[in-house]
1. Across the chain, how many lysine pairs, 8 or more positions apart or on different chains, have C-alpha atoms separated by under 16 Å? Please give the number.
2. Roughly how big is the stretch 202-311's charge dipole about its Cα centre, with Cβ charges of +1 (Lys, Arg) and -1 (Asp, Glu), in debye to the nearest 20?
3. Under a GNM of the chain (C-alpha, springs under 10 Å), which listed residue has the highest mean-square fluctuation: TRP267, TRP196, TRP211?
4. Rounded to whole Å, give me the distance from the Cα center of the stretch 67-90 to that of the stretch 196-254.
5. For the stretch 224-284, just the Cα set please: Rg and Dmax, both in angstrom.
6. Evaluate Rg over Rh across the chain, taking Cα atoms for both radii and Kirkwood's formula for Rh.
7. Is there a quick way to get the dipole size of the chain? I mean about its Cα centre, with the Cβ of Lys and Arg at +1 and of Asp and Glu at -1; what is the value in debye to the nearest 20?
8. Between PHE150 and LYS294, with labels modelled 7 Å along Cα→Cβ, what's the label distance in nm to one decimal, could you check?
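Please treat every number below as a calculation from the coordinates, not as lab data. Since we're looking at a predicted model, the values are computed, not measured. Backbone-built Cβ (ideal geometry, glycine too); neighbour counts: all protein chains shown.
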Amino acid sequence: MADEQVGLSLVVPCFNEALCVEAFVRAVEETGVGRMARVEFVFVDDGSTDGTLGVVRRLAEGDPRVRYVSFSRNFGKEAALLAGLRKATGEVVATLDADLQDPPVLLPEMLRAIREEGYDCVATRRTSREGEPPVRSWFARRFYWLMRHFSDVALVDGARDYRMMTRQVVEAILALPEVNRFTKGIYQWVGFRTKWLAFPNVARAAGETKWSFRKLFLYSLEGIMAFSTAPLQVAALLGMVCCGLSFVALLFVFVRALLFGDPVGGWPSLVCVIIFFGGLQLFFVGILGAYLAKTYLETKRRPLYFVREEK
Ligand code: UDP
Ligand code: MG
């Protein structure tokens, strides 16, 4: 019987989660998913400075189900997820946070959807943003709107990185070679039959969030740039519109000069127009530069992380 069980890997990125790791393992055990599958824990210590590695190492010594990767420094959650997916051996793999904000209670239901209902992937989203500052929610919603309208991935509002997927999907994700990994977009981009589960927001079990508003804002810009070239097209479009308008204005000035002579004047407005277009051009040169910088970083082909220790 036990031999027929499917292997389920749980990939858990951990950055300063010493207080959460053990509670996490206990929470997974309480779900009873261990009776449905051979569970493997893959903890990725993303350069923690609070003794997370010690906790994970101790767990791994006493428990053959626990494996881990520890980075040489903090490389970010995206890199941690990638390392975990590479390390996972299960036929089914789930990624979830260590802080229990991705409730492990859903694991049995997710596994059933894959094993019995024939889905390749089960994704989750939060139905509420309670406890979040309103400004943050507002920006989050604008971000999802932009992504929906101007990129080739339709991100789901409130989508979490909490997912379960088959080996086939994992291989698809690992086949994407890009260095700038916007995981939410990548999941969506690879496709496959996905079932969505919704759950209300859960507060962190312990510790604190690693995301400041600034970090989130930069992350959303990453997302837009990784999956959309719309900002570049806006530049071309706006340039065309301005050309058209200036042509009409030129005609107007020309005809007026023919009819009424050529009164000199209006140079303040002229200066304003010049400054406006100077600013606009610099702005779009900046956007162009940002894409170029991304291309530059991609061409370096740097590894996304370095492993200091693993088991
Ligand atoms: N995390 C990580 N590297 C980082 C930041 C976060 O591996 O640089 C992990 C963190 O340990 C947690 C998950 O990513 O398991 C989500 O982070 P957090 O809970 O801080 O984000 P939030 O839930 O507030 O969005
Ligand atoms: Mg969290």
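1. Values: LYS77/LYS87; LYS77/LYS184; LYS77/LYS210; LYS77/LYS215; LYS87/LYS311; LYS184/LYS195; LYS184/LYS215.
Final tally of qualifying lysine pairs is 7.
2. Dipole about the Cα centre, nearest 20: 540 debye.
3. Judging by the Gaussian network model, the answer is TRP267.
4. The two parts, judged by their Cα centres, are 29 Å apart.
5. My reading of the Cα-based Rg and Dmax gives 16.2, 54 Å.
6. Numbers: Rg = 25.4 Å, Rh = 22.3 Å.
Across the chain, the Cα-based Rg/Rh ratio is 1.14.
7. Values: 38 positive and 34 negative charges, 121 e Å.
Here the chain has a charge dipole of around 580 debye.
8. 1.1
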